[in-house]
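The values are calculated or read from the model by the stated rules, or taken from the named source; none is laboratory data. If you're wondering where the values come from, they're calculated on a predicted model, not measured in any experiment. Cβ sites come from the backbone with ideal geometry, for glycine too, and all protein chains shown count toward neighbours. Areas reflect the complete protein model, heavy atoms only, side chains present, ligands, DNA and RNA absent. Shrake-Rupley method; radii C 1.70, N 1.55, O 1.52, S 1.80 Å.
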Amino acid sequence: MPDLAARAQALREALALYNYQYYVLDAPTIPDAQYDSLFRELQQLEASHPDLMTPDSPTLRVGAAPRDGFREVAHGVPMLSLNNGFSEADVLNFDRRVREGLGQDEVDYACEPKFDGLAVSLLYREGLLVEGSTRGDGETGEDVTANLRTIRAIPLRLPVPKPPQVLEVRGEVLMLKRDFAALNAAQAARGEKAFVNPRNAAAGALRQLDPALTAQRPLSFFSYGVGETRGFDLPPTQGLLMDRLAELHFPVAPERAIVRGATGLLQYFDRIGRQRADLRYDIDGVVYKVNAFRYQEELGFVSRAPRFALAHKFPAEEALTEIEDIDVQVGRTGALTPVARLKPVFVGGVTVTNATLHNEDEIRRKDIRIGDQVWVRRAGDVIPEVVAVVLAQRPNDARAFVMPTHCPVCGSAVTRASDEAISRCSGGLFCPAQRKQALLHFAQRRAMDIDGLGEKLVDQLVEGGWVHAAPDLYALDVDKLAQLPRMGMKSAQNLLAAIVHSKETTLARFIFALGIRNVGETTARDLARHFGDLPPLLDASLEALQAVPEVGPVVAQSIHDFLAEPHNREIIARLQQQGIHWPQAAPEPSGRAQPLAGLTLVLTGTLPHLSRTEARVRIENAGGKVAGSVSKRTHYVVAGEDAGGKLEQARALGVPVLDEAQLLSLLNQETSSQ
Ligand code: IVH
């Protein structure tokens, strides 16, 4: 029996540690199957020897009985709210009042993301989690202990030999973006309604009366402060308190920072704003807190909010508006995309007037009708989207969308393959919409790079009957161009020079410019690298196409279909006759310099020259993979300025850390294996 007790204790400690590594550090150290097997061993031990059960057993995270309602909990230390700021002026005012209040010239602030979740309080007595509650009205909340226990990022016991008598940890329950995406995908697969955002999904999960239901929703937690404490040696600053909570295995934001003065605050706001789309969780702003607790006490509170803190909010990423109409746009490949015309609404920092509805099935699934009130979302540079309809506000005269049977641009029949969600215009290149889109695609910077050939000009050239397909561009002359409205001699000459200039290109750009369905820039580059020149690509069989690394059956079929079309072959021939050419290269079936082949890198912080996307593309082109989190399988962490938790994790796991210069020299290495 003593052996069994020791085994149960060892299992509990091991599981708590693996749990922490997985859910808090995001860096698992054992395979899931091994975790599951240890977990089952503990479950069986406890089942056969109930006296071995302890209140901090990880097996108790699931399995508490459902309740009829939540008990009320009075907060010993009230859970306050924050004053909001929206502009630079608000931040300057806040800093000025703080400085005046303290009689200081300059003040240090602890800056943190403002988590967009639900505030909770976790009460630990003698190191054991005994009670968890929601914020409620700030004075009284609801007892959601059983639900909070299911959240793996929350420690059930503090991992220290001499825990404080009382420690109340405050923070936010939320759902990570990747978990939210998976949850919504599962909802869609079951034909159920999507959640509008991670916050709503988390709120619903936290308020379930049956903890088993909460356990099925992937919730996370981040801490940002403490409430009541007894026997806890409170550090002198917010920054140090966060470090202490991290030591106690609570998740804290890796993006937290200490800055000086209003300049520091505004820089932090900009930096986090730029990172916002890449963060693992939704935030609705940042929070500034005077760092020193003795200054916080000195400043005190006005009504319900502290004078020592400010929430600096970002523009909301979601807003309610009305669908005034649904139009249909025809793309380069003939795809008909329904687009919602919206009553203008300010969201994600810009005024949005339309949002893509993707396709008919999507409209049906979301049950979107003309006249509906809808939630619109615009995050980062992402195209605005209609997330959900407010059914309760549907007007009686709301109209359903019907996909037209004929192309709104050329009048050709619209077809829809049985295995596809997309409806297409059957007019091919006779459809001016497709012609225009094809020309714009051909001329774009990443394709033939014809500077100055934009939408207006393409409209004029196609509508004037001067250009039917790309080769016609190369037959234009200055006199003709100069006749176009709003086009002088000088602009005509510039455009012509750009057209002539574009003749000297690369095979990859040329292939991309053709606008073959499913062939993006990367595939075009793979094809160019593999075949080395155009004739072998033109002659390639379906099998030969599939032999290209990264080209699967669908892409191979698209290329094959495109090249089987005599009209497309004629266009290619005419383009070559016009003198489009590229440097000849030997085919390289697989062996271009791939200095990072097989390596996994993690990016963190701001690099001096490369943006996140540039760094990622260059790593991928060199054969490497970019992962979102650091684990033992990470080969390198590339760290820039203000690198946070990932850098710490790299150090903890002994993963080598590179700066931008070292990354660049690695990228420029020739592979010796060639
Ligand atoms: S500190 C006395 N820090 O924002 C101030 N709050 O508007 C206590 N929140 O209900 C709050 N992230 O749930 C603080 N880093 C952060 C936060 C944060 C999100 C929430 C919090 C509170 C609300 C106040």
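Numbers below:
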quantity: Odd one out for GLU100 among (1) surrounded by 11 or more Cβ atoms within 10 Å (Cβ to Cβ); (2) more than 38 Å from the chain's Cα centre (by Cα); calculated: (1)
quantity: Selection count where residues are part of a loop (DSSP other than H, G, I, E, B), under 16 Å from VAL347 (Cα atoms) and open to solvent by 40 Å² or more (accessible area, probe 1.4 Å), scope segment 379-404; calculated: 3
quantity: Selected residue (criterion: surrounded by the fewest Cβ atoms within 10 Å (Cβ to Cβ)) from residues of segment 312-322 that are acidic (Asp, Glu) and under 24 Å from TYR281 (Cβ atoms); calculated: GLU318
quantity: The one condition in (1) within 16 Å of the ligand (Cβ to nearest atom); (2) in a strand (DSSP E or B) that ALA316 fails to fulfil; calculated: (2)
quantity: Top-ranked residue in segment 192-218 [being more than 21 Å from GLN373 (Cα to Cα) and free of Cβ contacts under 8 Å to residues at least 24 places away in the same chain; ranked as most open to solvent (accessible area, probe 1.4 Å)]; calculated: GLN216
quantity: Matching residues, segment 18-62, being closer than 19 Å to ALA215 by Cα, among the charged types (D, E, K, R), in contact (Cβ under 8 Å) with a residue 12 or more places away in the chain and outside any loop (DSSP other than H, G, I, E, B); calculated: ARG61
quantity: Helices (runs of 4 or more DSSP H) fully within segment 164-226 counting 1 or more residues that are within 16 Å of the ligand (Cβ to nearest atom) and within 30 Å of ARG125 (Cβ to Cβ); calculated: 198-206
quantity: Among the candidates ALA482, ALA498, ALA513, residue that is closer than 22 Å to ASP451 by Cα and open to solvent by 20 Å² or more (accessible area, probe 1.4 Å); calculated: ALA482
quantity: Selection count, segment 296-308, where residues are more than 10 Å from the ligand (Cβ to nearest atom) and in a strand (DSSP E or B); calculated: 1
quantity: Test: residue in segment 245-253 that is of a type in the set (A, V, I, L, M, F, W, C), touching a helix residue (DSSP H, G or I) at 6+ places or on another chain (Cβ under 6 Å), within 14 Å of the ligand (Cβ to nearest atom) and not in a helix (DSSP H, G or I); calculated: yes
quantity: Meets criteria (at negative phi and open to solvent by less than 30 Å² (accessible area, probe 1.4 Å)) for GLY605; calculated: no
quantity: First in segment 402-414 and under 20 Å from ARG364 (Cα atoms), second anywhere and open to solvent by 50 Å² or more (accessible area, probe 1.4 Å) and of a type outside the set (Ser, Thr, Tyr), Cβ under 8 Å, 6 or more apart; calculated: MET403/ARG416; VAL414/HIS406
quantity: Unique match (being aliphatic (A, V, I, L, M) and either out of contact with any helix residue (DSSP H, G or I) (no Cβ under 7 Å at 6 or more places or on another chain) or open to solvent by 60 Å² or more (accessible area, probe 1.4 Å) (or both)) among ALA639, ALA650; calculated: ALA650
quantity: Counted residues, segment 137-163 - those being within 14 Å of the ligand (Cβ to nearest atom) and in contact (Cβ under 8 Å) with a residue 24 or more places away in the chain; calculated: 3
quantity: Segment 575-600 - residue that is touching a Lys or Arg at 6+ places or on another chain (Cβ under 7 Å) and at pLDDT below 70 and, of those, nearest to LEU664 (Cα to Cα); calculated: ARG592
quantity: Within segment 516-531, considering residues that are in a loop (DSSP other than H, G, I, E, B) and at pLDDT 90 or above, the one most open to solvent (accessible area, probe 1.4 Å); calculated: GLY520
quantity: Breaking point among (1) surrounded by 15 or more Cβ atoms within 10 Å (Cβ to Cβ); (2) more than 16 Å from the ligand (Cβ to nearest atom); (3) modelled with pLDDT under 95, for TYR124; calculated: (3)
quantity: Lone qualifier among GLU255, GLU322, GLU298 - being among the charged types (D, E, K, R) and within 30 Å of ARG394 (Cβ to Cβ); calculated: GLU322
quantity: Selection count, segment 457-479, where residues are loosely packed, with under 14 Cβ neighbours inside 10 Å, touching a residue at least 24 places away in the same chain (Cβ under 8 Å) and either β-branched (Val, Ile, Thr) or not in a loop (DSSP other than H, G, I, E, B) (or both); calculated: 1
quantity: Every residue from segment 102-121 that is within 16 Å of the ligand (Cβ to nearest atom) and of a type outside the set (D, E, K, R); calculated: TYR109, ALA110, CYS111, PRO113, PHE115, GLY117, LEU118, ALA119, VAL120, SER121
quantity: Residue that is nearest to the ligand (Cβ to nearest atom) [pool: residues in segment 270-295 that are among the hydrophobic types (A, V, I, L, M, F, W, C) and closer than 30 Å to VAL196 by Cβ]; calculated: VAL287
quantity: Residues (part of a strand (DSSP E or B), free of Cβ contacts under 8 Å to residues at least 12 places away in the same chain and closer than 13 Å to PHE401 by Cβ) located in segment 343-378; calculated: none
quantity: Count of segment 442-456 residues which are open to solvent by 20 Å² or more (accessible area, probe 1.4 Å) and not small (Gly, Ala, Ser); calculated: 7
quantity: Pairs with Cβ under 6 Å, 6+ apart, first in segment 164-187 and free of Cβ contacts under 8 Å to residues at least 40 places away in the same chain, second within 15 Å of the ligand (Cβ to nearest atom); calculated: PHE180/PRO198
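Here's the yes/no breakdown for (1) open to solvent by 40 Å² or more (accessible area, probe 1.4 Å); (2) part of a helix (DSSP H, G or I):
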residue	(1), (2)
GLN267	yes, yes
ILE272	no, yes
ARG280	yes, no
VAL286	no, no
ARG294	yes, yes
LEU310	no, no
ASP325	yes, no
